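A short worksheet on the structure shown next.
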Amino acid sequence: MKVLLIYGTRYGTAAEIAEEIRKVIEREGIEVDLVDSKGIKNYDIPPYDMVIMGSGIKIGKWTKGSLKFMEDNKSALSDKKVALFVTCGAANMEETITEGQEKYLDEVALKYLSGEPVATGLFGSVYDPNASHGLMYKLATKFIIKKGLDKQEIDTSKRIDYRDWDEIRGWALNLANMLK
């Protein structure tokens, strides 16, 4: 059994999740090729039994490389088991999980895949006030994100990791079990 795990990341959050998914699946005796989608052109899909694709979400968008990979390989992915995951702020709060699932996973699958994914993972994000995210993100943080965190009485001067590593490991283990 062999898995292709492609991820898109801007600040490393999705890369860390992809690395943990790789470790879990490899512990189950399954070979995993881990690939950053940045700059990927053509990739030989046929040797893989499953393709997992993930991305960090920034201002409502997947990384360009991840979307381009799905778009370029839609036909080749049609006969594969495909799983999708994202790391995003929508997963951080109970009231936005459903919207995050629909917008970042269900709609993306509908647009870029020929069939239904075998699994989707909506994982929390990392809030880092010291990261360099660009002007649009800074404005969104100042007027939207920070206000929400302040309302929850969360110290926005510190880095906050919302990822649930047990959830991520469990999701990866379920994927590995689909291949056994």
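The values are calculated or read from the model by the stated rules, or taken from the named source; none is laboratory data. Remember, it's a predicted structure, so these values are computed and weren't measured experimentally. Please note that ligands, DNA and RNA were not included when accessible areas were found on the heavy atoms of the full protein model with its side chains. Shrake-Rupley method; radii C 1.70, N 1.55, O 1.52, S 1.80 Å.
Some points to look at:
- Calculated from backbone phi, Karplus (6.51, -1.76, 1.60) coupling profile of segment 87-101 in Hz, x at Gly/Pro: 10, 7, x, 4, 7, 7, 10, 3, 6, 10, 4, 4, 4, x, 4
- Residues whose amide H lies under 5 Å from that of residue 32, counting only those 5 or more places away or on a different chain, are 3; hydrogens are built 1.01 Å from N in the peptide plane.
- Note on residue 41: aspartates and glutamates with a C-alpha under 15 Å away, same-chain residues under 8 apart excluded, are 71, 72.
- Prolate is the label for segment 1-111, because a/c, from the alpha-carbon gyration tensor with a ≥ b ≥ c as root eigenvalues, is 1.5 or above and a/b exceeds b/c.
- Checked against a 30 Å cut-off, the cross-linked pairs 23/61; 58/81; 61/81; 111/158; 2/158 give Cα-Cα distances beyond that limit for 111/158; 2/158.
- Projected onto planes of every orientation and averaged, the convex hull of the alpha-carbon atoms in segment 61-117 covers 3.8 nm².
- Residue-wise HN-Hα coupling along segment 29-40, computed from phi with Karplus coefficients 6.51, -1.76, 1.60 (Hz; x: Gly, Pro): x, 10, 6, 10, 9, 9, 9, 6, 6, 4, x, 5
- With the whole protein complex present, residue 103 retains an accessible surface near 90 Å², based on a 1.4 Å probe.
- A cut-off of 5 Å between modelled amide H atoms, ignoring neighbours fewer than 5 places along the same chain, links residue 52 with 4, 5, 6, 83.
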